[in-house]
1. Using only alpha carbon pairs under 8 Å that are at least six residues apart, calculate the relative contact order of the range 167-259 and give it in whole percent.
2. Whole number please: convex hull volume per residue of the Cα set in the range 441-556, in Å³?
3. So what does the Cα-only Debye profile of the range 277-403 read at q = 0.13, 0.14, 0.23 Å⁻¹, as log10 I(q)/I(0), no solvent term?
4. Just need the relative contact order of the chain here, percent rounded to a whole number, with Cα pairs under 8 Å and 6+ apart.
5. For Cα pairs less than 8 Å apart in space and 6+ apart in sequence, what is the mean separation divided by the residue count of the range 441-556, i.e. the relative contact order in percent?
6. For the cross-link pairs Lys286/Lys501; Lys78/Lys360; Lys41/Lys534; Lys27/Lys501; Lys245/Lys752, which exceed 30 Å when the distance is taken from alpha carbon to alpha carbon?
7. Suppose we take every Cα in the range 49-131 and form the convex hull; what volume per residue is that in Å³?
8. Check each of the GluC sites (Glu not before Pro) in the range 648-729 and keep only those in coil by DSSP with at most 13 other C-beta atoms within 10 angstrom; list them in order.
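The values are calculated or read from the model by the stated rules, or taken from the named source; none is laboratory data. The structure displayed is predicted, hence computed values, not measured ones. Heads up, the Cβs are rebuilt from the backbone with ideal geometry, glycines too, and the neighbour counts pull from every protein chain shown. Remember, those area values only see protein heavy atoms, side chains included, never the ligands or the DNA or RNA. Shrake-Rupley method; radii C 1.70, N 1.55, O 1.52, S 1.80 Å.
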Amino acid sequence: MDLNDSTSLAELMSRYVSTETGFGVPKDGWRICLAHEFKEKRKPFQARDVSLSNMIEHVSLGVRYLRWWYRKTQVEKKAPFIDMFRALPLRQIYGAPLGGIGGGSITRGWRGDFCRWQLNPGMYHYKTVIANQFTVCLRRGGQTVYQQVLSMDRPPTLQDWNWGYCGEYAFYHALYPRSWTVYHLPGQNVTLTCRQVSPVIPHDYKDSSLPVAVFVWDIENKNDYALDVSIMFTMVNGSGHKDDKSGGHWNEPFHLEKDGESVSGVLLHHQTPVNPYTLCIAAREKSGQEISHQTAFSPKGTCSTLWSDLMTDGRLDSPKDSSPPTHKGEEVAAALAVSCSVPANNHNSVEFSLAWDMPKITFGSRERIYVRRYTRYYGTKGDAAPSLSHYALTHYSKWEESIDEWQRPILQDGSLPAWYKSALFNELYFVVDGGTVWVELPEDADISGGLRPEDGGLPAQPDVVKEYGRFAYLEGQEYRMYNTYDVHFYASFALIMLWPKLALSVQYDIAGSVVQHDPTERLNLMNGRYSPVKTWGVVPHDIGDPGKLCIIGYHDALTPSLCFWSSSAYCGGLWLASVCMMCKMARVLKCESVYQRYRDILERGRAAFDKLLWNGKYYNYDSSGQSLSNSVMSDQCAGQWFLRASGLGEDDYQAFPKEKICSALKSVFDLNVMSFAGGQMGAVNGMRPEGVPDRSSVQSDEVWVGVVYGLAATMIHEGMIEEGMHTTEGCYRAVWERMGMAFQTPEAYCEKGIYRSLAYMRPLSIWAIQLALNNRPNHNKTTDKDVGQG
């Protein structure tokens, strides 16, 4: 298949039978018919997928891991930070997540389901809550003529509701941080467009932290008579977790008027002992519209009363009192409806919001309480949900103006293909849905690691961290380690270009950790030896997991990985690039003696690197001389990539000859890209010179999506734009259009059958491609604000 023929994209919409295009839906983005079924079904990599040869080689690791896994899961009753026996199955259902950065996230699937929850920091709950729905009611001449749950499901509960909407009349369109779902109502000549808006705005450190999203429903009546239309939003008090039935939860209606604007809704107080929170469904009061509610109903059984209540007159009873606390084993839900008139051949709109307020959080260890970033503006009392809802409903149009201003230069760039525009913005979902936490710096915090400024260290509370807080995101939803630094190395481009103060905050945390020392001996799962938890002067792998955040720790890689037993193209190249950077810093600081020292190291290092690794076409995998040391590694030019991204790589700051870099990249393109899977799946990590994948380790015959994006950026920096874009396109179309992994881009996949670690940090490196495109010679650049640099 020619990647440019958009066959896979057309397949996503092939079952759509309507001609309706929706209200204000953009051209660019990821689009799929609600009736689509992905043909390709993949399974997660698990321990049984390790080859026999690798299993024999690493049998002692397997035994150590099994013992550790058993203790963690069966004795301590905790979730391991990597679970090799219970990997997430692939659910091809996810859409754009709701909410801003670091306040928790709720994902709404492309079929409209509320199906992925991360309210407790870093801990995911994959449960579709069937009662969380939007329902439409059409009335003419005082009679209800149509009432439908906008869901294709036919659940065994809530049987009196009208389920089974025909998905062939609807499609979903995502251009993060917004999405649109277009529903044509069969036989009614009415089209609904639900626009979902979250406050994810580059260079904004206030609204981008808010745990809230808005749903704007545009109603198009194409009949020659008027209709009264009601949209009902139902929500369970909870997330489908077992604690929904723990008892003590209660709902209450509210009304808030401020600055001449009013909102009304229902608060759903979830009273768990740890990390309690309040959900809030709300609507904006507008002239000619009526808001009504049902404070509490049971989301079990037939639920005929609520359904009949809406059908009778398009409104709900709106009791004024709060609901009593639930008993143990009991669940409670709430409903909110907005009614309006839509004239013949005309349009109207209604606006809902969903907010959640969990201001104080503790992690698994419960050693201390943290407060989320948004509490700087809304307080820590847990009573912010009405104000959050009011602010969102009265300010979302400004959010959209900012989003349009940011995205417009890229979307209007005719030199960029449509698939790339979708990939660039939609991969940003992970900034919100990566188990992300953004917390205020406590007054007594000291991030310096104990080394004071007068001794060459950091301040206890650097100004950037005091002003912008502390930020952390998981390596992946399945690999629960925060700020994994070798992966952040790739993903950091998204933060650097869009929220640079958060990128700086991460750097301060890591820098402070380098000088920390914890001599406590701990078993290293990988090699079976005991070693200190943290050694002074060493960069940590991560800053902890959701069970114990901000305690520096080394988490072992638990799969046999790409190991370097001698000088290697990857590590050696990065080391040379670092020496180059030291030369640059010395010049900036006007330290000529330091410059000369590192310049000498660079000269000798370059010569040794070439002598040991260059084979005339590319850099060998390593210099061990073993049978596979001449494998072609896709990421062999990573050092040059970072030099180019930093504005270096030439003249006094050149580590690698340009002709050798271009030759190496051409070899990677010819072998790792075009000789793998017909050139349609990106670049395989390792390829033999004869054109077959290197299968010597678990990871060598995988495609790592984030690495592919970094490779493509390197190609573009070196003028290989067509090759870079082709390489990227293969990954995007495989993940988003064929495998059904939208909004859960994995760390890795093999040519057939297997994927590993869904919803992973590294693919944020796609923003490195945009940086490379911005830096093209003679490129007609827009302003820094437009392209998202700063």
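1. Details: 104 pairs, mean separation 16.2, N = 93.
So the answer I get is 17 percent.
2. Details: hull volume 13.4 nm³, N = 116.
Looking at the range 441-556, the number lands at 116 Å³ per residue.
3. Debye curve over Cα of the range 277-403, log10 I(q)/I(0) at q = 0.13, 0.14, 0.23 Å⁻¹: -0.75, -0.85, -1.37.
4. On the way: 1810 pairs, mean separation 105.8, N = 790.
Once normalised by length, the contact order is 13 percent.
5. It rounds to 24 percent for the range 441-556.
6. Values: Lys286/Lys501 38 Å; Lys78/Lys360 22 Å; Lys41/Lys534 42 Å; Lys27/Lys501 32 Å; Lys245/Lys752 42 Å.
Long pairs (Cα-Cα over 30 Å): Lys286/Lys501; Lys41/Lys534; Lys27/Lys501; Lys245/Lys752.
7. Details: hull volume 11.7 nm³, N = 83.
Residue-normalised Cα hull volume stands at 141 Å³.
8. On the way: sites: Glu650, Glu659, Glu690, Glu702, Glu718, Glu722, Glu723, Glu729; in loops: Glu650, Glu690, Glu702, Glu718.
When the GluC sites (Glu not before Pro) of the range 648-729 are filtered for loop state and at most 13 Cβ neighbours within 10 Å, Glu650, Glu690 remain.
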